[in-house]
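Written below as structure tokens is the structure these notes are about.
The values are calculated or read from the model by the stated rules, or taken from the named source; none is laboratory data. Being a predicted model, the structure only gives us computed values, none of them experimental. Cβ: placed from backbone, ideal geometry, glycine included. Neighbour counts: every protein chain shown.
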Amino acid sequence: MTESSSSTLPSGTRLRSQVPPQDCWDLSKLFPSDAEWETGLTEFESQAGRILGFKGTLQESATRLRAALDFIHEIGQLSERLAYYAHLRVAEDVGNSASQRRMARYQNIATHFAGQSSFFAPEIQAIPDAVISEWMQAAELEPYQIYLHKLLRYKPHILTEPEERLLALQSEFSQTARRGFDALTDVDMEFGEIETPTGPRPLTHASYAFFIQQPDRAVRQQAYTQYLQEFHAHRHTLAALYNGSVQRDVYEARVRNYPSSIAAHLFDDDVPLELYDQLIATVHEFLPALHRYYDLRRRALKLDTLRLYDTRVPLVSGIETHIPYDDAVDQVVASLDLLGDEYVDTLADGLRSGWVDRYENKGKRSGAFSAGSYHGDPYILMNYKEEVLNDLFTLTHEAGHSMHSWYSIRHQPFQHYNYTIFVAEVASTFNEMCLADYLKQTTDDPAMRTYLTNKQVDDVLATLFRQTMFAEFEQRTHAMVEQNEPLTVDSLTEVYSQLLATYFGPAVPLEEYSALEGLRVPHFYSAFYVYKYATGLAASMALHEQVRQGGAAERERYLNFLKSGGSQFPLEQLRDAGVDLTSPEPVRTALNRFAAWVDELETLLAL
């Protein structure tokens, strides 16, 4: 079908084949075609068996260990290219059977290779401490010092070779819960249409955010109710899938001798459990400020009672935006001028030249993400809508991730280029703050300034308060399984209802299906992930202030942080950049800023 005929279709109903190429990402830097991906897969399969030639030899010498490390990282680069290409092709149309088959074939071979290479970590762990310490001082292993240091930390949690092989062979089906959730929510669920003043419009994951911000309360209520009703219809399946995911987390933690599943996940980043608990406690200190904001919102909307579907609509009426994609790129780039020419020129070119899959199509994964790998571009999935201002912020958010990848890849070797999610959220929310400042400075419309202040308040709410609430939910549900309490629809909704009541306060009543929200969050299938949004925002608010108030030295320190990749543990990276998250002060300072913005908003609204 031609571009002109496809453009007559609503973007959410357009088939992938009807999307113009210039609106799609260009995956050719990973593989120029599906056929060349097939060639790469064949090479991966044929080369994978070479790993067995190193079995039983890693203790012979530093030279032999270096050869094995070179091979494992060389084949790792090919594996990563194959995985990212397959993953991105699935994301662009989850229902495409050829893409699903491509991913499944890669996973089968990767799982087999993981089984073959399961001896690798235990053999390194078995090298006597004195020997491996001496080897690591030699120039021969210098490129792998960071890699080996991180690997050796896991010695208490590495199992025997047969046990590691069994775990490796489980890697594919251990993702069944997540894949089932994705298939159910992205493909099988149908949400119908919403009646709007301009006629019926399809309700999807992507359009839900649009409807829930509409000034027409009836539209908001219908979208909220209709959306969650579909989750209610599948509640038992969703509860079973989430239970399977939590059971997997607990099983893996126990098998590897961690005291708990949360301890296992925090270990990767060398984050103390006290930081997680401290985040929740500090956020609870500021719940009165959050409840005061909800009351402000009720008064601004002139409502007797604030309902959950009223909590995201902008408080300033009459603000309409229509920002075509190219204009969005212009604004994102202009807002980041404080980061220098290399940053903005690289980003401008990437956002216009194949990094971004721009618009929604039928079967496309909902939401947005950045996928930066060592080869290829740092790709961005969007479901961009010109009339939703938040999508402009989503674009700069994902651009922050992608530029983090771009800098890391160019300054770190493959073995430790990949930064952790913990620090990734710093770069993305830093960009959002730059954009908010830019838009407030460049508007002469008092209503728009009020709107943007309202958005700043809501963003802190969404990232610090809401993600911490999610973090509490994960902590409680995993603890329940560890204490042999069953996760059922009733028990999960009870926990989530309690959290909703705590965070929204007694003045915001719950709706019939409100507690089902806890069964629709994709991030829960990557356990103990969401708290990093909250800590990342606190860190980025501090770094943004340093760069904004400082000069070339502060900018360079921030760019060095982006360049550091995974060469340090995240708390060390942030400490070097000027933020100490082991103290509650960065979170407390961010929440004090939230309270000040609430005061500013009340003044602007003249309430």
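The residues of the stretch 297-306 that are buried (at least 18 other Cβ atoms within 10 Å of the Cβ) and basic (Lys, Arg), listed by number, are 297, 298. Within the stretch 169-205, the set of residues being farther than 14 Å from residue 91 by Cα, assigned to a helix (DSSP H, G or I) and among the small types (Gly, Ala, Ser) comprises 174, 177, 180. Consider the stretch 543-563 and keep the residues that are surrounded by fewer than 16 Cβ atoms within 10 Å (Cβ to Cβ) and closer than 25 Å to residue 462 by Cα. The one that is modelled with the lowest pLDDT is 545.
The set of residues from the stretch 564-592 being surrounded by 17 or more Cβ atoms within 10 Å (Cβ to Cβ), of a type outside the set (Gly, Ala, Ser) and part of a helix (DSSP H, G or I) comprises 570, 571, 573, 574, 586, 587, 591. Taking first residues from the stretch 18-42 that are in contact (Cβ under 8 Å) with a residue 60 or more places away in the chain and partners that are outside any helix (DSSP H, G or I) and of a type in the set (Asp, Glu), the Cβ contacts under 7 Å between residues at least 6 apart in sequence or on separate chains come to 24/357; 25/357; 29/377. Residues that are exposed (fewer than 14 other Cβ atoms within 10 Å of the Cβ) and of a type in the set (Val, Ile, Thr) within the stretch 190-211 comprise just one, 198. Every listed requirement among (1) outside any helix (DSSP H, G or I); (2) touching an Asp or Glu at 6+ places or on another chain (Cβ under 7 Å) is met by residue 250 save one, (1). Residues in the stretch 91-101: is at least one surrounded by fewer than 16 Cβ atoms within 10 Å (Cβ to Cβ) and of a type in the set (A, V, I, L, M, F, W, C)? Yes, some residue in the stretch 91-101 is surrounded by fewer than 16 Cβ atoms within 10 Å (Cβ to Cβ) and of a type in the set (A, V, I, L, M, F, W, C).
Can you tell me which residue among 370, 408, 402 is in a strand (DSSP E or B) and at pLDDT 95 or above? Result of the check over 370, 408, 402: 370. Across the stretch 286-308, the number of residues qualifying as in a helix (DSSP H, G or I) and in contact with a Pro (Cβ under 9 Å, 6 or more places away or on another chain) comes to 2. Of the residues screened, residue 480 is not one that is out of contact with any Pro (no Cβ under 9 Å at 6 or more places or on another chain), under 29 Å from residue 174 (Cα atoms) and aliphatic (A, V, I, L, M). Against the definition (among the polar types (S, T, N, Q) and buried (at least 19 other Cβ atoms within 10 Å of the Cβ)), how does residue 477 come out, yes or no? Here the answer is yes, as residue 477 does meet what is asked.
Here residue 78 fits the description: modelled with pLDDT of 95 or more, surrounded by fewer than 18 Cβ atoms within 10 Å (Cβ to Cβ) and in a helix (DSSP H, G or I). Taking the criterion of being crowded, with 19+ Cβ neighbours inside 10 Å, assigned to a helix (DSSP H, G or I) and without any contact (Cβ under 8 Å) to a residue 40 or more places away in the chain, would at least one residue in the stretch 309-330 satisfy it? Scanning the stretch 309-330 turns up no residue that is crowded, with 19+ Cβ neighbours inside 10 Å, assigned to a helix (DSSP H, G or I) and without any contact (Cβ under 8 Å) to a residue 40 or more places away in the chain. Taking into account only those residues within the stretch 463-473 that are modelled with pLDDT of 95 or more and within 16 Å of the chain's Cα centre (by Cα), which is surrounded by the fewest Cβ atoms within 10 Å (Cβ to Cβ)? The qualifying residue surrounded by the fewest Cβ atoms within 10 Å (Cβ to Cβ) is 466. If you check residue 502 against the conditions, is it under 16 Å from residue 240 (Cβ atoms) and assigned by TED's automatic domain parsing to the domain that holds residue 570? Answer is no for this residue. Residue 119 meets the conditions (1) surrounded by 18 or more Cβ atoms within 10 Å (Cβ to Cβ); (2) within 30 Å of residue 237 (Cβ to Cβ); (3) assigned by TED's automatic domain parsing to the domain that holds residue 40; (4) not small (Gly, Ala, Ser) in every case but one. The failed one is (2). Of all residues in the stretch 189-225, which are in contact with a strand residue (DSSP E or B) (Cβ under 7 Å, 6 or more places away or on another chain), farther than 17 Å from residue 319 by Cβ and free of Cβ contacts under 8 Å to residues at least 60 places away in the same chain? 193, 194, 200, 203, 222 - these are the residues of the stretch 189-225 that are in contact with a strand residue (DSSP E or B) (Cβ under 7 Å, 6 or more places away or on another chain), farther than 17 Å from residue 319 by Cβ and free of Cβ contacts under 8 Å to residues at least 60 places away in the same chain. Residues that are among the charged types (D, E, K, R), over 21 Å from residue 458 (Cα atoms) and touching a Phe, Trp or Tyr at 6+ places or on another chain (Cβ under 6 Å) were ranked within the stretch 341-400; the one that is surrounded by the fewest Cβ atoms within 10 Å (Cβ to Cβ) is 358.
Among the conditions (1) in a helix (DSSP H, G or I); (2) closer than 26 Å to residue 26 by Cβ, residue 118 misses just one, which is (2).
Taking the stretch 212-253 as the region of interest, how many residues are within 14 Å of residue 492 (Cβ to Cβ), surrounded by fewer than 17 Cβ atoms within 10 Å (Cβ to Cβ) and of a type in the set (Gly, Ala, Ser)? Adding up the residues that qualify gives 1. Screening 8, 42, 57 for residues that are over 20 Å from residue 370 (Cβ atoms), part of a loop (DSSP other than H, G, I, E, B), among the β-branched types (Val, Ile, Thr) and modelled with pLDDT of 95 or more leaves exactly one candidate, 57. Within the stretch 378-390, no residue that is within 12 Å of residue 327 (Cα to Cα) sits with its Cβ atom under 7 Å from a residue that is surrounded by 22 or more Cβ atoms within 10 Å (Cβ to Cβ) at 6+ positions apart or across chains. Exactly one residue out of 503, 558, 533 is in contact with a Phe, Trp or Tyr (Cβ under 7 Å, 6 or more places away or on another chain) and either of a type in the set (Ser, Thr, Tyr) or outside any helix (DSSP H, G or I) (or both), and it is 503.
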